[in-house]
Amino acid sequence: MDRNSLRSLHSVVRSYVLFHNASRCRARVYWMNYEGDRVLYRTLARGESMSVDTFVSHPWTFENADTGDSLGAMGRPVFYPRDPKHPNYRPFRTVVAITYPLYSLRQRCLQTIRDCLSNPEEVDDLELPRSLQKELRELMRKRMFCTAHSFRHLGEGES
C-alpha cells in the first residue's frame, strides 16, 4: 500500500472504539497521522483493553511488540473506525479485537526459524536459498530493533 494512501484525513465524524488485545503477545497500537507516519499510541499487554475517541477517517495498525510481526483487527491489517451513529440510537463504542492475521505458510515458517535463532549470523549456517536467508535476516533485524528500542507514546485521548 502506498505510504500516502494510509494516513488520517479529516477530523469530522467521531468514532468511539475499545481496542482489546486478544493475541498472546504485547501489541503496539499505532495511529497513522496526517502525513502517513505511524505514531505509537500505546502498547497493550495480553488481554488488556483501551478506549479511544478517534475519527472515521483515521487508520490504525498493530504489531507484535516483541517481534515487529504484523497483527490485525477485525480480520484486516488496517482498522478504519466506522461511524457509530445509527439514526435511532445513541453513539456506541465498537469493540475491536487485535489478533494474529492469517500468515502465509512461508511467512509463518520464517517466523518459526527466526524464533529459534539468536543472531543474524546464524542464518549463514542454514542451507536455505539466498532469497530466504535475506528475508530471515530482515525478520531478525526487525525483532532486534523492537527489543532494543523504546517508543514514545502519543498517549491517552483523541487522535
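The values are calculated or read from the model by the stated rules, or taken from the named source; none is laboratory data. Because the structure is a prediction, the values reported are computed rather than measured. Note that we place each Cβ from the backbone using ideal geometry, even for glycine, and neighbour counts take in every protein chain shown.
The residue pairs whose first member lies in region 33-49 and is in the same structural domain as ALA65 (by TED's automatic domain parsing) and in a strand (DSSP E or B), whose second member is among the aromatic types (Phe, Trp, Tyr) and modelled with pLDDT of 95 or more, and whose beta carbons are closer than 6 Å, counting only pairs six or more residues apart or on different chains, are ARG38/TYR30; VAL39/TRP31; LEU40/TYR30; TYR41/TRP31.
Check whether at least one residue in region 61-72 is over 29 Å from SER118 (Cα atoms) and under 14 Å from the mean Cα position of the chain (by Cα), and report yes or no. Before the answer, list the steps.
Step one: list which residues in region 61-72 are over 29 Å from SER118 (Cα atoms), which gives none.
No, region 61-72 contains no residue that is over 29 Å from SER118 (Cα atoms) and under 14 Å from the mean Cα position of the chain (by Cα).
Looking only at residues in region 96-114 that are among the hydrophobic types (A, V, I, L, M, F, W, C) and more than 22 Å from ASP124 (Cβ to Cβ), the one that is nearest to the chain's Cα centre (by Cα) is ILE98. Inspect region 79-90 for any residue being surrounded by fewer than 16 Cβ atoms within 10 Å (Cβ to Cβ) and under 27 Å from GLN133 (Cα atoms) and give the result as yes or no. For region 79-90, residues surrounded by fewer than 16 Cβ atoms within 10 Å (Cβ to Cβ) and under 27 Å from GLN133 (Cα atoms): absent.
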